[in-house]
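Asks: Would you mind keeping the following structure in view while I ask a few things?
The values are calculated or read from the model by the stated rules, or taken from the named source; none is laboratory data. A quick note: this is a predicted structure, and the numbers were derived from the prediction, not measured. No Cβ is skipped: glycine too gets one built from the backbone with ideal geometry, and neighbour counts run over all protein chains shown. To get the accessible areas, we keep the full protein, side chains included, count just its heavy atoms, and leave off ligands, DNA and RNA. Shrake-Rupley method; radii C 1.70, N 1.55, O 1.52, S 1.80 Å.
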Amino acid sequence: MTPPRLALGAWTHLRSGAARTLRSSTFRLALLYVVLLGASVAILLGFIYWSTAGYMDRQTTATIQAEIRGLAEQYRRLGLVGLTALISERVARDPVGSSVYLLVDDGLERVVGNLDRWPSETPDAQGWISFRLRERGPDRAEEHAARAQVFALRGGLRLLVGRDVRDLEATRALILDALTWGLAITAALALLGSWLMSAGLVRRLEAINQTSRDIMEGDLARRIPLNGSGDDFDALAANLN
């Protein structure tokens with residue numbers, strides 16, 4: 001037999017073995033195990049995501065709401081002059097910080113704050129708004145995600161208080177990447193293990209079937225091989241022998 005025929009025969013045998021493995025009930029049961037394992041891992045990773053990124057998001061929301069309550073109290077006590085002075089003081093104390101303030105009149109003209117203009121995005125029913133925040137300065141073109149809440153004041157004034165959430169977005173993306181890779185690696189390892197386990201069982205079953213066919217065709221000297229493990233397949237082979 002020439003080498004090309006040997007290679008063709010080996011490839012045909014390999015493809016036939018792979019087809020038997022894919023059609024086997026063992027592989028189907030293994031696939032069911034992979035699905036259940038993947039669902040369990042996805043639930044676990046989803047809980048991890050909720051308890052980390054979700055916690056950080058809830059902390060950001062609580063911080064914004066606390067700032068709004070404090071500024072609203074100052075507005076009730078000191079009026080517009082006191083509110084603008086307080087916002088100017090906070091902006092001056094941390095001009096490039098993570099806090100966002102903007103007070104505008106009824107024409108959306110800026111009164112005070114560290115934003116140049118009112119965001120074009122529409123707030124939701126609770127007054128929350130997500131927008132892109134551009135760093136101040138002529139040579140700063142980088143934009144970051146920001147989240148804020150709009151608070152209506154007397155006289156048509158509107159106050160926007162929020163936070164630069166670039167760190168939150170980066171953390172969320174990092175966690176999502178880690179969870180995606182974790183789920184993909186888990187699924188790949190489970191599929192590989194299922195394939196190896198199924199292929200081994202199919203080989204032993206095929207050895208039993210082939211020996212049984214030889215015996216039925218008249219070769220009564222044939223015996224089913226045992227591998228010495230003493231497992232269920234060895235017990236079945238011994239009984240059949």
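Asks: Give the residue from 188, 150, 198 lying farthest towards the positive end of the charge dipole for segment 108-202; charges sit on Cβ (+1 for Lys and Arg, -1 for Asp and Glu) and the dipole is referred to the Cα centre.
Replies: My answer, from the dipole projection, is 150.
Asks: Heavy atoms only, 1.4 Å probe, whole protein assembly: order 211, 60 by accessible area, highest first.
Replies: 60, 211
Asks: Express in whole angstrom the spacing between the alpha-carbon centres of segment 201-230 and segment 102-126.
Replies: Result: 81 Å between the Cα centres.
Asks: Right, here's the next one. For segment 82-241, what is the accessible area per residue in Å² when the probe is 1.4 Å?
Replies: 61 Å²
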